[in-house]
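**Q** Following this message is one structure expressed as structure tokens.
Just so you know, all these numbers are worked out from the coordinates, no wet-lab data involved. As the structure is a computational prediction, the values presented were derived from the model and not from experiment. Cβ atoms come from the backbone with ideal geometry, glycine included; neighbour counts cover every protein chain shown.
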Amino acid sequence: MANCPKCEYHLKLRDWRPNCPSCGVNLVYYGMEERLLADANKAEAEHSHFQKKFDRVKASFVGSKFAIARIIFTILPIAFLFLPWAKIFIKAPYIDTTVNVNMIKVGMKVAEMDFGALFELMGSEIVGTPFTMFFAALACMLLAAVVSLASLILLFLSASPKGIARNITLASMGLVLTGAATIMFTQFNSSFATLFPGTYSGELKFGIFVLMGAFALVILINAIIAKVGIEVKYKQTYICGIPSEEYFAAVDAGIDVLSLQLHVTEQEAAEAIENALIEAGIRVVKEPGSEDAVIEKIEDQPLDETPQE
Amino acid sequence: MEQQFIDTNRRYVGLKENIIFGVANGGQVLSFSLLVSYLTYFYVNIFNIDPKIVATMLFLEGIWDTINDPLMGSVVDRTRTRLGKLRPYLLGVPLPMALATIFFFAGPMFLHNPSPTAPSKVIYMVITYFTWEFLYTMSDVPFWGMAAAISPSPADRTRAITSARLISGIIGGIPTIIIPILIDLTESNVIGTSIKQVFFVAGITSGIIGMVLFFLSGVFVKERVVQSVEAPKLKGCYECITQNPPLKLIILQNLLGSLGGIGGIFATYYFIDVLGSASAAIVIGIPGAIVSLFSFAFITKIKARFNNKQIVIGSKLVNDALNVLMFLLSIKRYADIRFMIPVMMIRSTITAIFSGVNAVVPTEMIADSVDYMEWTTGQRSEGMSFSVLTLINKLNGAISRSVAALLISGIGYKTSHSDAIIPQTDEVKFRIFAMNTIVPTLLGLFSIIPIFFYDLVGDKQQRMLSDLAKRREMLAEDAEN
């Protein structure tokens, strides 16, 4: 439970009224200036930390022409997932059907949770192995879809230290999964065609190769960005009217910033804080647009500077 | 006296507090959206109560709202505690509200009388629904009042309201996605539950999780705009409407906009009876839904160039122009789904650009009107102002639904007791199309007129904020001394 800020009376739960039962001060108004200034300093400090992260995210997306191109290239695999992956032809007495295997068909089956027939076929002694290959190929494609979505979502972290490595890893995973799906479908195809000659045939369609090309493009653009780099432009932030680096330097130096702000205007407070920094022998140097500032100690000048002959 | 510590250009609300405010609203909307989306279906189909009894209860509840909402507003405005006037409700309501939500959905689990008019079920329905509504009002009015009291800085309020609208839009959509999936899984026996169990568990989940999240607002969100030391008299609470021209204009704008709401009701008929596909609405809405999420990022840029009055008028005119254009382009092909889907998709995507700012600015304008009341009379009226607007929105919905119901038979729409969907004539189909597009657009145009007289922008607003800041500092000094 809180104490009265004026008389330190221990306020109980039943003390709901706005006035202190001991000294009668209005608890809502008393110390309002200090609380508001403390809230403002805290909020602006939080914003200062957040602004740096925001500037890095912004650079990840629009920091250069290559970053913008990276967005488009990262979306391409998701778009190309909807191209046709494979085609299956089944021709038998009373059965003449062609099945297009693509993201929409597979997605609908997943949504319906309709795997009963597939699991039964996977358990069969005759067709079990080919169908297991088929299921594995589909699983690889679905994982490739998940990976491509994850790539897009994690794009905002590209400017972090491991960002490029992560982007390249995810795109490589997508490429490997798509390649594995291609190989496994080919295996399924040839096994099934051997088991049911003349009845079954299947072929890979262009979509799967275009998808592999899209993943390769994502790897390429990230490699280019890793080489040329993207400059992050950091926006200058202010806390109680002074650059945030000076504010943090003042707080670290033990200067009571809040007391310097009480009962004065913001401009007067800013001047008081800067004077306090100088008195503490601290100078804050920051290049415009850079992330961090350099805190320097202002050395005392010797009394006699004339060099001795 | 020179203003010293209240600076309307400073930031007082941090990022964490903003996110908590949004998450709290999300929690509140979690149970609200579950209840409102499935209210009639739950009572009629799950609890098996006669629809006429349900309709009568809803009608009576609407009348009760006209008393309850302003009453709650005046109670909030007259509250004075050491925690402020709004926070006590944000701390005290979550527990009873969670229990009310659980009991709401528990009825079919305990009362098994098969009769649709069983007195036990009807009494249970009335008590639980009225209790839930009463508690919801008790949470909603102070929560939105907090949007005005969270900071003396208008930019802070914009950020808080943006956070609330964005996060609650995401969290509030969860029940509408999960419940249909669970219903389908139950119907196809994939999960071994009954539908009444699905709703009961949903009620427990949304009640507990929702109210835990809502409780965070009472703990972490602060009231930084302090109230007058003396609480206003009851008459003074109601004067916040009569002596507040900006608020009166906003109320009038909302009332005149109610007729424009018939478009939304006829949309269902348009998709089912004219285009022949109810799910086309989902497909059409997908790009707009994505754009509307990003639209919150444009708010700062839009507000840097335009004031609230210009935003409200401008976005309404753009929306109306798009509706008129769509009507004229589609006049010969309104029943061709292959033509209408892309046309409507483009229209809804463009209007979605303004959805963020349209979700935030009206609430901000009410907050500004609360400041205006304090400027002119010395009393703040968050409770009354937001409760009246909540009531007006409920009335709008009722007016739209009743006018639409009258118009349905007026345009020659045919119904059948054996089939939900029967073919309509081309003339009726065209009328449905017109009722979905051009008619509500033209009727809704009147709602802009009051806003032309709204003048709480620009220099007047800056002067008001500056005067209020100085006055609040003087009040703080007087109270301390």
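**Q** Of B:Ser402, A:Ser244, how do they rank once you tally other Cβ atoms within 10 Å and put the fewest first?
**A** Ordered by Cβ neighbours within 10 Å, fewest first: B:Ser402, A:Ser244.
**Q** Could I ask something else about it? Rounded to the nearest 10 degrees, what's the angle between the helix A:206-228 long axis and the longest principal axis of chain A, both from Cα atoms, 0 to 90?
**A** 30
**Q** Can I ask one more? For segment B:233-481, calculate the relative contact order in percent as a whole number, restricting contacts to Cα pairs under 8 Å that are 6 or more residues apart.
**A** Details: 256 pairs, mean separation 105.3, N = 249.
The normalised contact order for segment B:233-481 reaches 42 percent.
**Q** Between Rg and the Kirkwood Rh of segment B:233-481, both from Cα atoms, what is the Rg to Rh ratio?
**A** 1.07
**Q** Per 5 Å bin, what percent of the C-alpha pairs of segment A:149-276 does each bin hold, from zero upward?
**A** All Cα pairs, binned at 5 Å, distribute as 2, 9, 12, 10, 7, 7, 7, 7, 7, 7, 5, 4, 4, 3, 3, 3, 2, 1, 0 percent.
**Q** Which length gain, in nm to one decimal place, applies between A:Thr98 and A:Ser160 when the Cα-Cα distance is subtracted from 0.36 nm times their residue separation?
**A** Values: separation 62, 0.36 × 62 = 22.32 nm, distance 4.76 nm.
Extending this stretch completely gives an extra 17.6 nm.
**Q** Tell me, what HN-Hα J-couplings in whole Hz come from the Karplus equation 6.51 cos²θ - 1.76 cosθ + 1.60 at θ = phi - 60° for each residue of segment B:204-219, using x for Gly and Pro?
**A** 4, 4, 5, x, 6, 4, x, 7, 4, 5, 5, 4, 4, 5, x, 7
**Q** Could I ask something else about it? At q = 0.10, 0.12, 0.16 Å⁻¹, what base-10 log of I(q)/I(0) does the Debye formula yield for chain A when every alpha carbon is treated as an equal point scatterer in vacuo?
**A** Debye intensities relative to I(0), on a log10 scale: -0.78, -0.90, -1.20.
**Q** Counting only other chains, and only Cβ atoms inside 10 Å, what mean value do you get across the residues of A:22-29?
**A** Numbers: counts 0, 0, 0, 3, 9, 4, 12, 10.
Counting other chains' Cβ atoms within 10 Å and averaging over A:22-29 gives 5.
**Q** Can you list the HN-Hα couplings for segment A:45-52, worked out from phi with the Karplus curve (6.51, -1.76, 1.60; θ = phi - 60°), rounded to whole Hz and with x for Gly and Pro?
**A** Calculated HN-Hα couplings, in order: 5, 4, 5, 4, 5, 5, 4, 4 Hz.
**Q** On to the next question. Along the principal axes of its C-alpha atoms, what lengths does segment A:135-180 span, in descending order and rounded to whole Å?
**A** Computed over the Cα atoms, the extents are 37, 15, 8 Å.
**Q** What average number of partner chain Cβ atoms lie no more than 10 Å from the Cβ of the residues making up B:8-18?
**A** Mean shielding count: 6.
**Q** While we're here: Sort A:Tyr234, B:Tyr43 by Cβ crowding within 10 Å, fewest neighbours at the top.
**A** Ascending number of Cβ neighbours within 10 Å: A:Tyr234, B:Tyr43.
**Q** So what's the convex hull volume per residue for the Cα atoms of segment A:221-283, in Å³?
**A** 111
**Q** Relative contact order of chain B, please, whole-number percent, based on alpha carbon pairs below 8 angstrom and at least 6 residues apart.
**A** 28
**Q** Normalised by the residues of segment B:1-225, what does the relative contact order come to in percent, with Cα pairs under 8 Å and at least six apart?
**A** Numbers: 273 pairs, mean separation 104.2, N = 225.
About 46 percent, as a whole number.
**Q** How would you rank B:222-235, A:214-227, highest first, on the average number of other Cβ atoms within 10 Å across their residues?
**A** A:214-227, B:222-235
**Q** If you don't mind, another one. No solvent, one uniform scatterer per C-alpha: report log10 I(q)/I(0) for segment B:1-88 via the Debye equation at q = 0.11, 0.13, 0.20, 0.25 1/Å, two decimals.
**A** Ignoring solvent entirely, the Cα scatterers give -0.61, -0.78, -1.13, -1.19.
**Q** Under 10 Å, Cα contacts only: if you run a Gaussian network model on chain A, which one of A:Leu83, A:Leu195, A:Leu177 comes out with the highest mean-square fluctuation?
**A** Fluctuation is largest for A:Leu195.
**Q** Pop a pseudo-label 7 angstrom from the Cα along the beta-carbon direction at both A:Leu220 and B:Leu185 and give the gap in nm to one decimal.
**A** Rounded to a tenth, the inter-label distance reads 4.3 nm.
**Q** May I ask you to sort A:Cys7, A:Cys23, B:Cys237 by Cβ crowding, counting other Cβ atoms within 10 Å and putting the fewest first?
**A** Fewest-to-most ranking of A:Cys7, A:Cys23, B:Cys237: A:Cys7, A:Cys23, B:Cys237.
**Q** When the gyration tensor of segment A:1-156 is built from Cα positions, what are the square roots of 5 times its three eigenvalues, in whole Å, from largest to smallest?
**A** Taking √(5λ) for each eigenvalue gives 65, 26, 11 Å, largest first.
**Q** Ok, one more. Any chance you could list the semi-axes, whole Å, largest first, of the equivalent ellipsoid that the Cα gyration tensor gives for the protein assembly as shown, using √(5λ)?
**A** 51, 41, 26
**Q** Using C-alpha positions alone, give me the convex hull volume of chain B per residue in cubic angstrom.
**A** Dividing the Cα hull volume of chain B by its residue count gives 154 Å³.
**Q** Here's a follow-up. Karplus couplings for segment A:168-179 from phi (6.51 cos²θ - 1.76 cosθ + 1.60, θ = phi - 60°), rounded to Hz, Gly and Pro as x?
**A** 5, 4, 5, 5, 5, 4, x, 5, 5, 5, 5, x
**Q** If you don't mind, there's one more thing I want to ask. Among the listed pairs B:Lys248/B:Lys309; B:Lys233/B:Lys460; B:Lys222/B:Lys460; A:Lys233/A:Lys286; B:Lys332/B:Lys429, give every one whose C-alpha distance is greater than 21 Å.
**A** Where the Cα-Cα span goes over 21 Å, the pairs concerned are B:Lys233/B:Lys460; B:Lys222/B:Lys460.
**Q** Against the empirical 2.2 N^0.38 Å scaling, what ratio does the C-alpha Rg of segment A:65-228 come to? Each step should come with its number before you reach the end.
**A** Numbers: Rg = 18.1 Å, N = 164, 2.2 N^0.38 = 15.3 Å.
In units of the globular-protein estimate, segment A:65-228 measures up at 1.19.
**Q** List the lysines whose Cα lies under 16 Å from the Cα of A:Lys227, skipping any in the same chain that are fewer than 8 positions away.
**A** A:Lys65, A:Lys162
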